[in-house]
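Contents: one structure, followed by commentary.
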Amino acid sequence: MREIDLAYRTLYAELCQRSLDGAFEADFPIAGRFVTVPVNGRAYWYFDLPGPDGVKRRYVGPKHDAQITDRVERFQAIKGDLKARRKLVSTLVREAGLPAPERFSGDVVRALSEAGLFRLRGVLVGTVAFQCYPGILGARLPNAALQTGDADFAQFHSVSAAVDDSLPPMLDVLRSVDTTFRDLPHQADGRRSTKFRNAKGYEVEFLTPNRGSADHDGKPAGMPALGGAAAHPLRFLDFLIHEPVRAVLLYGGGVNVVVPAPERFAVHKLIVASRRRDDPLGRLKRDKDALQAAVLGQALAMTRRASDLATAYAEAWGRGPAWRQALREGLASVPTKARTGLVAGIVDGLTEIGEDPEGLGFDASGKPRP
């Protein structure tokens, strides 16, 4: 693993900004106007577009998001530059060696991005999101950690209910990519679908955090903003998608996405690794979880962001006994050599932020306690 040259990191940052500009221009025609709306004590941007049936209002994003507010303020000046962005993507993939998704995943994510999923505060999770981290961190990551065969997305239910906007019908969006997509009735409630599959077995799944009682476990949640799709509730997911970051998927002219913060992704992978089933498929997924956690942890340490990793780890540790046990088991699942680097990054980061590693699951020598 090594860092990417500064020139390419700068190009990636430029592409992120320009792809967001391009998405903004496509989403909001010049004929409309932006307005701020107070919701629960916070200000949010909305876009009003006059039409034959009256004014249609669409959610844009929180006013405290500096990137969104900047684009609102210079909306008239934003121009499309798809051709130039394609050249940037090509340079970053071919010369810098940054990963690009396989074409079908790229098409799926682009379709959902253009439909407004990330504008409505959806988050790309899973391995497709992981493919964005080399650009975010400025580090080349092992190819084995980047392979996937599906696409997963998440959204807080409270956000889905509050934005007062929705994607087009989800099946229509996915069938614009592949007409063989069909919705799969959820096992717990056949009236709802959280997962969609095409004829070749490629799956798109929607998830939401389960922070309530065990009564909600396994039951699909209705999501008003997801175009008729429901979402499968998962424990620990709220930790993963809290305060996500903007990124660009290196596909086409760059696909504007939102992904979990890399330090949260790493810690969350430790947690979910501990909860995989002990069968061949479960062990395979656990190994992949452990690999991604270790790779990201080492990359964060190498790029001088060990304090971010440690802060996320300490937050998870402080959430209670079940979280602490999951972290212990997750660390134990990482192969010895990789675990050494990951643990060193966490311990160094804890020291950097003024936390005592011995109070957070490590012994005096810096090794994880069983």
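Here, each number is a calculation from the coordinates, and none is a lab measurement. This structure is a prediction, so every number in the text was calculated from the model and none was measured. Here Cβ is always computed from backbone atoms with ideal geometry, including for glycine, and neighbour counts include all displayed protein chains.
Based on the alpha carbon coordinates of the stretch 241-325, what radius of gyration and maximum Cα-Cα distance (Dmax) apply, in Å?
Every Cα atom of the stretch 241-325 included, Rg and Dmax give 14.4, 45 Å.
Pick the calculated P(r) over Cα pairs in 20 Å bins from 0, in percent for this structure from [x] 19, 28, 23, 17, 9, 3, 0; [y] 28, 59, 13, 0; [z] 30, 60, 10, 0?
[y]
Restricting to DSSP loop positions (anything but H, G, I, E, B) with no more than 13 other Cβ atoms inside 10 Å of their own Cβ, which trypsin sites (Lys or Arg not before Pro) remain in the stretch 1-102?
Hits after loop and neighbour filter: 2, 74, 79.
Taking springs between alpha-carbon atoms closer than 10 angstrom, which of 260, 220, 169 fluctuates most in the Gaussian network model of the chain?
169
Relative to the present Cα-Cα distance, how much length would full extension add between residue 344 and residue 356 at 0.36 nm per residue of separation?
3.0 nm
Select from 129, 188, 139 the residue whose mean-square fluctuation is largest in a Gaussian network model of the chain (Cα-Cα springs shorter than 10 Å).
Looking only at 129, 188, 139, the biggest GNM fluctuation is shown by 188.
Quick check on the stretch 80-259: take the gyration tensor over C-alpha atoms, sort the square-rooted eigenvalues as a ≥ b ≥ c, and tell me if it's rounded (a/c under 1.5), prolate or oblate.
Prolate.
How far is it, in nm, from the label point at residue 66 to the one at residue 337 when both lie 7 Å from their Cα along the line to the Cβ?
4.1
Using Cβ contacts closer than 10 Å as the measure, can you line up 21, 183, 53, 238 from fewest to most?
53, 238, 183, 21
Out of the DSSP beta bridges found with both residues in the chain, what percent are antiparallel (nearest 5)?
Taking every DSSP beta bridge within the chain, about 80 percent pair in antiparallel fashion.
Mind checking the stretch 136-240 for trypsin sites (Lys or Arg not before Pro) that DSSP puts in a loop (not H, G, I, E or B) and that have at most 13 other Cβ atoms within 10 Å?
191, 200
For the stretch 80-154 and the stretch 231-267, compute the distance between their C-alpha centroids and round to whole Å.
11
Classify the stretch 106-155: rounded, prolate or oblate, from the alpha-carbon gyration tensor (a ≥ b ≥ c, eigenvalue square roots; a/c under 1.5 rounded; otherwise prolate if a/b is larger than b/c)?
prolate
Considering only 126, 354, 201, give the residue with the highest GNM mean-square fluctuation for the chain, with springs between Cα atoms whenever their separation is below 10 Å.
Greatest mean-square fluctuation among the candidates belongs to 354.
Taking the highest mean first, how do the peptides 263-276, 96-109 order by number of other beta carbon atoms within 10 angstrom per residue?
263-276, 96-109
Run the quick spin-label model on residue 5 and residue 83: label points 7 Å from Cα toward the beta carbon, then report their separation in nm to one decimal.
2.6
For residue 140, what charge total do you get from the other residues with a beta carbon under 10 Å from its beta carbon, if Lys and Arg give +1 and Asp and Glu give -1?
That works out to 0.
Run the quick spin-label model on residue 315 and residue 102: label points 7 Å from Cα toward the beta carbon, then report their separation in nm to one decimal.
3.3
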